[in-house]
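Enquirer: Quick one: the structure is below, questions incoming.
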Amino acid sequence: MMKKMGRKKLTLQKAVEHLIRDETINELAADCHRIASKHGFHKKLSLVPSAYRTPICLALIHSEVSEVLEKWRDDKPIDKELADIIIRVFDLSKALNIDIGKAVVRKMLVNERRKRLHGRKRM
Ligand SMILES: [Mg+2]
């Protein structure tokens, strides 16, 4: 069971404050992209037709999610595998020129305003 968060509701003003500070996220995304490039992952990806690159990156993000699940099932720490998910998402967002910092804050604001469970009965 997820622990109930004790933080205050995300307001528009707080979201704007996040947006001002979100360069940290974008800097991390740029570094993830730079490190992946340095280690040859983008060169390898450039060998496949461009139409397949994003789906391959998404499949690799999915593989990291599966790695988290396997670690969890083995009752092992999941922190590094969770980090791998974020690293791959950041790398892809930079490759696609997505301002991930802004996107995260904007989506959090949308989520904050949604109805409880968004009308669904489970999860
Ligand atoms: Mg991994």
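A short reminder: the numbers here are calculations on the coordinates, not readings from a lab. Source: prediction; values computed, not measured. Cβ atoms come from the backbone with ideal geometry, glycine included; neighbour counts cover every protein chain shown.
Enquirer: Which of the residues spanning segment 52-103 are within 13 Å of the ligand (Cβ to nearest atom) and not in a helix (DSSP H, G or I)?
Expert: 76, 77, 78
Enquirer: Restricting the search to segment 7-22, which residues are part of a helix (DSSP H, G or I) and either touching a Lys or Arg at 6+ places or on another chain (Cβ under 9 Å) or surrounded by 13 or more Cβ atoms within 10 Å (Cβ to Cβ) (or both)?
Expert: Of all residues in segment 7-22, those part of a helix (DSSP H, G or I) come to 12-21.
Hits for segment 7-22 are 14, 15, 18, 19.
Enquirer: With the requirement that a residue be of a type in the set (A, V, I, L, M, F, W, C) and either within 22 Å of residue 64 (Cβ to Cβ) or in contact with a Lys or Arg (Cβ under 8 Å, 6 or more places away or on another chain) (or both), what does segment 91-107 give you?
Expert: The answer is 92, 95, 96, 98, 100, 103, 104.
Enquirer: Which of the residues that make up segment 53-76 are touching a helix residue (DSSP H, G or I) at 6+ places or on another chain (Cβ under 7 Å) and farther than 26 Å from residue 27 by Cβ?
Expert: Once the filter is applied, which keeps residues that are touching a helix residue (DSSP H, G or I) at 6+ places or on another chain (Cβ under 7 Å) and farther than 26 Å from residue 27 by Cβ, segment 53-76 yields only 71.
Enquirer: Can you work out which of the residues in segment 104-123 that are outside any loop (DSSP other than H, G, I, E, B) and in contact with a Leu (Cβ under 9 Å, 6 or more places away or on another chain) is surrounded by the most Cβ atoms within 10 Å (Cβ to Cβ)?
Expert: In the first step, residues of segment 104-123 are kept if they are outside any loop (DSSP other than H, G, I, E, B); the result is 104-113, 116-119.
From the residues that got through so far, the ones that are in contact with a Leu (Cβ under 9 Å, 6 or more places away or on another chain) too are 105-106, 108-109, 111-113.
Numbers: 105: 22, 106: 15, 108: 14, 109: 17, 111: 10, 112: 13, 113: 10.
Across segment 104-123, the extreme among qualifying residues is 105.
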